[in-house]
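Every read-out reported here was derived from the displayed coordinates using simple, explicitly stated rules and does not represent laboratory data. Quantities reported herein were computed from a predicted structural model and do not represent experimental measurements. All Cβ positions, glycine included, derive from the backbone under ideal geometry; neighbour counts span all protein chains shown.
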Amino acid sequence: MKIPLGSTRAVTIVELMIAVTIGVIALGAVYTGAMSMQRCFAASQSFLDDSRDQSRLSDYLSMDVRRADQVAVGGADGVMLTATMQDYYDGNGLPRTPTITKYVHSYGDPAAPMVVKYIRTGQFIYRQERNDPPVQIAADVQNVQVNLLDGGRSVETTVTFLPKFRRSGSVSSASTTLRTTTMVRNYHRPTPTP
């Protein structure tokens, strides 16, 4: 079909306004979806970080309490737990060969045991070996309780974490609690009968 020379076709202002409105609605939907995805990612990342901290704290506490000869609860400067144990590794990080005397094993120098402290400072928990600098092993800690059970033969720890999630600009929190009970394996050594 031929268009006559004198006629022109153009977009009317009403059609232009409708197109712009549809475009703004589409861009608003894309922006809202992107913000929701970003919030979900941040909440998931926070949850994973706290889960990793919980696992790390549980693993370290269980390992140190099992290896300990003595465990003490509380202390100055935020110390929650002190575990005194034999030094199983030499200065290079290699395992020591135990000496066994009358069915009792010993590693390293019995007069110089290794001391591990768990220290809480604010919302963080640190682990310190000997006099080395403390290493952070957990964050977002709300509450910690450490109890000795069975006359010091086992240790019960309860740690409440506060993972933070953002919703509509405000911060809400859903706490998770980690409970462990670990037996002090070296606490009671049987005395052999000759």
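Quick check on the chain: helices-only [θ] at 222 nm, where DSSP H runs of length 4 and up contribute -39,500 (n - 2.57) each and the sum goes over total residues. Nearest 500, please.
-10500 deg cm²/dmol
Run the numbers for Q145 and R130: contour at 0.36 nm per residue of separation, minus the present Cα-Cα distance, in nm.
Working: separation 15, 0.36 × 15 = 5.40 nm, distance 2.30 nm.
Between Q145 and R130, full extension yields 3.1 nm more.
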If you stretched the chain out fully between V79 and T12, how much longer would it get, using 0.36 nm times the residue separation minus the C-alpha to C-alpha distance?
16.5 nm
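Taking 10 °C and 1.306 mPa s as the conditions, I'd like the Stokes-Einstein D for the chain in µm²/s, using the Kirkwood hydrodynamic radius from alpha carbon pairs. Let's see the in-between values first.
Numbers: Rh = 21.6 Å.
Value of D from the Cα-based Kirkwood radius: 73 µm²/s.
On full extension of the chain, what length is gained from T32 through S62, given 0.36 nm per residue of separation minus the C-alpha to C-alpha distance? Each step should come with its number before you reach the end.
On the way: separation 30, 0.36 × 30 = 10.80 nm, distance 4.50 nm.
Difference between extended and current length: 6.3 nm.
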In degrees from 0 to 90, rounded to the nearest 10, what is the angle of the helix 13-67 Cα long axis to the longest principal axis of the chain?
0
Based on the Cβ-Cβ distance of Y103 and R185, what FRET efficiency does E = 1/(1 + (r/R0)^6) give at R0 = 22 Å, to the nearest 0.05?
0.90
